[in-house]
Amino acid sequence: MSSRATLHMVAKLHYEANMAQVEISRKLNVSTATVSRLLQKARELGIVRIEVLDLAVPEEITDRLIAGLGLKRAAVIDTPSTGVLAALAKPVGNLLRAEALPEGSVIGIGWGRAVREVIQAGLPAIAGVEVVALNGGLQQSAPHFQINEFVRQAGEQLRGTAHFLHAPYFSSTRLREAFFSDPGFQETKHLWDRLDCTIVGIGFVHAPASPASPATAGPAMLGELEIGGAVSDIIRHYVDISGGLIPWDGEERMIAASVEQLRNARLSIGVAAAEEKAPGIVGAVRSGMINALVTDTNTALAVLDILEET
């Protein structure tokens, strides 16, 4: 009764067919104790191998991310069953505190679902900071595009001063240049020049808006659709997976902090949580527009897989 064929059959019934030992004993007309002994022998002979996977420890993953991407700071949380984006708020707040931003520091806010959820969940009080929008708005009603509302909420939570940007996407470069010369906008530009910290989302490459779900569409202008080689964007500055910048038709008409202004910030926090965003995260970090990352374990492991492959 203990031939290798029998051991293999019992193991298949129990571990692959999910049959209980009592069911197998009835099927083979033996005692449950005999079935238990057969399963034990199958393990001893290597017919069955039971592996306990190592637990993905966020602290260890964080260290690997910092080393692999060359980040200044990072924070990784266990992936919750629900509300993963809101759960990123606490580690974002911890990074802000760790930076010890002095009074008068400038914090730039981008748009996107992750940024919206983080701000709604709450940021810590850092008195005396200046909070500024990093980009102008769009004529879209989706809540994750309401950049000035994000700045207002962040200003209240941080106990700082909010600076709004009432600027659209211009139809021509001439209109944009005229806006850039406006004294009111110059104040915002000067704040961009002295950014200490940014909080930005890491965007997907956008698809055309769907009539069935316009609220979930990306902020895609015609020139943004299917940008070749792009894996993500930071406030509509598109990058490939190596971090190279990808120009697009219409970029010269948008109002947003420049790539260099983002790179010059002391702490540039990217917030993202989705395994499919892993290539975009790698490209965004390599571009230099973010130097800190807040994410969850599933996304972090997907990023590390890419780093190991490349």
State which residue is most open to solvent (accessible area, probe 1.4 Å) when the search covers only segment 10-36 and only residues that are over 19 Å from R49 (Cβ atoms) and charged (D, E, K, R). R26
Which one is nearest to the chain's Cα centre (by Cα), of the residues in segment 21-64 that are assigned to a helix (DSSP H, G or I) and among the hydroxyl-bearing types (S, T, Y)? T62
Is there a residue in segment 9-18 that is over 45 Å from the mean Cα position of the chain (by Cα) and either modelled with pLDDT of 90 or more or hydroxyl-bearing (S, T, Y) (or both)? yes
So which residues in segment 271-291 are closer than 21 Å to H144 by Cβ and open to solvent by less than 10 Å² (accessible area, probe 1.4 Å), if there are any at all? V271, A272, A278, G280, I281, G283, A284, M289, I290
Output yes when any residue across segment 114-122 is of a type outside the set (G, A, S) and over 13 Å from V271 (Cα atoms), and no when none is. yes
Counting only residues that are open to solvent by less than 40 Å² (accessible area, probe 1.4 Å), free of Cβ contacts under 8 Å to residues at least 40 places away in the same chain and either closer than 30 Å to A300 by Cβ or touching a Leu at 6+ places or on another chain (Cβ under 9 Å) (or both), segment 37-61 contains a total of 4
What number of residues within segment 156-196 satisfy the criterion of being among the aromatic types (F, W, Y) and open to solvent by 60 Å² or more (accessible area, probe 1.4 Å)? 1
Go through segment 251-260 and report how many residues are without any contact (Cβ under 8 Å) to a residue 60 or more places away in the chain and either in contact with a strand residue (DSSP E or B) (Cβ under 6 Å, 6 or more places away or on another chain) or assigned to a loop (DSSP other than H, G, I, E, B) (or both). 1
Could you please give the count of residues in segment 1-20 that are free of Cβ contacts under 8 Å to residues at least 12 places away in the same chain and not in a helix (DSSP H, G or I)? 5
Given (1) closer than 30 Å to V282 by Cα; (2) of a type outside the set (D, E, K, R); (3) assigned to a helix (DSSP H, G or I), number of the condition S81 does not satisfy: (3)
Name the residue, out of A220, A265, that is hydrophobic (A, V, I, L, M, F, W, C), modelled with pLDDT under 90, buried (at least 16 other Cβ atoms within 10 Å of the Cβ) and over 27 Å from T310 (Cα atoms). A220
Scan segment 63-70 and give yes if some residue there is over 30 Å from I255 (Cα atoms), open to solvent by 20 Å² or more (accessible area, probe 1.4 Å), in contact with a strand residue (DSSP E or B) (Cβ under 6 Å, 6 or more places away or on another chain) and of a type in the set (V, I, T), otherwise no. yes
Could you tell me whether I199 is modelled with pLDDT of 95 or more, in contact with a Gly (Cβ under 9 Å, 6 or more places away or on another chain) and open to solvent by less than 30 Å² (accessible area, probe 1.4 Å)? yes
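For (1) modelled with pLDDT under 95; (2) open to solvent by 30 Å² or more (accessible area, probe 1.4 Å); (3) among the β-branched types (V, I, T), each residue gets a yes or a no:
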position	(1), (2), (3)
S105	no, no, no
V118	no, no, yes
L134	no, no, no
G137	yes, no, no
Q140	yes, yes, no
H144	yes, no, no
V151	no, no, yes
A154	no, no, no
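The values are calculated or read from the model by the stated rules, or taken from the named source; none is laboratory data. Note that the structure is predicted; figures quoted are calculated from it, not measured. All Cβ positions, glycine included, derive from the backbone under ideal geometry; neighbour counts span all protein chains shown. Remember, those area values only see protein heavy atoms, side chains included, never the ligands or the DNA or RNA. Shrake-Rupley method; radii C 1.70, N 1.55, O 1.52, S 1.80 Å.
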